[in-house]
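This is the structure, below, for whatever I ask next.
The values are calculated or read from the model by the stated rules, or taken from the named source; none is laboratory data. Bear in mind the structure is a predicted one, so any value in this text is a computation, not a measurement. Glycine also receives a Cβ, built like all others from the backbone with ideal geometry; neighbour counts cover every protein chain displayed.
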Amino acid sequence: MPKLRILQIFNRYLQPGGEERFAELFASALSGQHVVENYIGSTRSLLGSGTFSRPLAPFLAWHHPRVERDLQNLQKNQRFDLWVVQNSLPGLSPAVYQAAHALNVPMIHYLHSFRLSCANGFFLNHGTPCERCLHGNFWPAFQTACWRDNRWVSGWMGLLLRRVRALGTFRNVRAWVALNEQQKKKHGEMGIPESRIHVIPHFYEAASPSPDPSPSGDILFLGRLSPEKGLGLLLQAWKLVRSRGRKLRIAGAGPEEASLKTMAAAMGLRDMEFLGFVPRENHPELWRRSAFAVIPSIWHEPFPLSFLETWSYQRAPIATRLGAMAENIVDGKDGLLVEPFSAPALAAAIQSLLDHPDLATRMGLAGRTKVLTHFHRDLWLSRINAVFSSVLDPSSRHPSRA
């Protein structure tokens, strides 16, 4: 296909995570075929640091005039063929959608969460599954203070999401990219035409060479320490495990770090340590010491890069039967799946791999093969380029599934 000029639009959250990492991978992977420029905002810059910044934040989240002007000028000066939105709220505001529609720029929108129908984006309400706002009535978000434990913040996000819908965003976006089939179905229930939703899993550049298996190594959690990741469940499970001196190592930082440390101390947990944030260049050493990994998420994660990284390093994942993990991990072949919200089930799976290290090794090898054959860059490039072509095809404004 011809070389395209693509503007990637991304709002950084207060805590970095997988979306930010994928935005980097997206630009890097496409750079050999297309010209990709980035327009990046952040929730932190929206909130600001001055005395008058925070009172202005809700109004700028509703409509950010500078963002609209920036995008108009970028389009005028660089004439992008299309915009790819990774996320826009709250830092960049719905001005992104207004500018694209006014300029008639084809827009592709990634779906990294359920934010379009959930104030917190996870379909969780204080740790419990919740889809009460699925169809666009966000009154329950205000009633239950489901985002940041604040009724007014939750209600404001609900109003903001109503505005996104009122702008016609669901019909004006040319193509949506979901990361798994369940996510596509759920966004169809929200009101997005399923014919415009393409399912394209993430890719991962496999570690080369991968470290040798470490059947007697430790157990690793690698990720952000936030409520939806299920770390409280993992600590409860670890209490039930006979570790025989092998350690649970928790690598990452996030808003729950202090409370998790307090919880671990109160439970008297042994053979475990919190490593804090570990830079990516130090990940190989983490995996070298690990026999397998645990991904105890309690929400339908669209496509966490953590389980592809686990496979890449020839390690087996234990994950909850939710989201992309349920669709991609073959239980007993390249990982173990457990029922969500069950500490005993998670503990039994961990105990199984501790007691049968040869099983963890076999599943890790199978996972490594899977990354190399099903989740490589070239396959992802062919899929995303097919979406670009369908969106730019003048004969159709309703692209078919890639």
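Within the range 124-142, can you find the residues that are of a type in the set (G, A, S) and within 30 Å of S342 (Cβ to Cβ)?
G127, A141
Only one of (1) surrounded by fewer than 21 Cβ atoms within 10 Å (Cβ to Cβ); (2) on the phi < 0 side of the Ramachandran plot fails for D271. Which number is that?
(2)
May I pose another question? In the same structural domain as R362 (by TED's automatic domain parsing), surrounded by fewer than 16 Cβ atoms within 10 Å (Cβ to Cβ) and aliphatic (A, V, I, L, M): does that describe M325?
Answer is no for this residue.
If you scan the range 143-159, which residues turn out to be outside any loop (DSSP other than H, G, I, E, B) and surrounded by fewer than 21 Cβ atoms within 10 Å (Cβ to Cβ)?
Selection gives Q143, T144, R151, W152, V153, G155, L159.
Answer yes or no as to whether G136 is assigned to a loop (DSSP other than H, G, I, E, B) and among the small types (G, A, S).
Answer is yes for this residue.
Here is a further query. Is one or more of the residues making up the range 205-213 modelled with pLDDT of 95 or more and assigned to a loop (DSSP other than H, G, I, E, B)?
no
Can you find a residue in the range 350-367 that is closer than 30 Å to T128 by Cβ, of a type in the set (G, A, S) and in contact with an Asp or Glu (Cβ under 8 Å, 6 or more places away or on another chain)?
The answer is no, given that none of the residues of the range 350-367 is closer than 30 Å to T128 by Cβ, of a type in the set (G, A, S) and in contact with an Asp or Glu (Cβ under 8 Å, 6 or more places away or on another chain).
Here is a further query. Restricting attention to the range 1-42, and to residues there that are over 14 Å from the mean Cα position of the chain (by Cα) and of a type in the set (S, T, Y), which single residue is surrounded by the fewest Cβ atoms within 10 Å (Cβ to Cβ)?
Looking at the filtered set, the residue picked out is S31.
Another one. Please determine, by comparing only the residues of the range 93-142 that are within 17 Å of N180 (Cβ to Cβ) and small (G, A, S), which one is surrounded by the most Cβ atoms within 10 Å (Cβ to Cβ).
Filtering first and then ranking leaves S117.
May I pose another question? So in the range 162-206, with the set limited to residues that are over 20 Å from the mean Cα position of the chain (by Cα) and aliphatic (A, V, I, L, M), which one is surrounded by the most Cβ atoms within 10 Å (Cβ to Cβ)?
The qualifying residue surrounded by the most Cβ atoms within 10 Å (Cβ to Cβ) is V173.
Using the structure shown, decide if W299 is buried (at least 17 other Cβ atoms within 10 Å of the Cβ), more than 30 Å from N125 (Cβ to Cβ) and not basic (K, R).
The answer is no for W299.
Which count do you get for residues in the range 260-285 that are among the hydrophobic types (A, V, I, L, M, F, W, C) and without any contact (Cβ under 8 Å) to a residue 12 or more places away in the chain?
2
Can I ask one more? Regarding F388, is this residue under 22 Å from K184 (Cα atoms), surrounded by 16 or more Cβ atoms within 10 Å (Cβ to Cβ), of a type outside the set (A, V, I, L, M) and assigned by TED's automatic domain parsing to the domain that holds F22?
Criteria met by F388.
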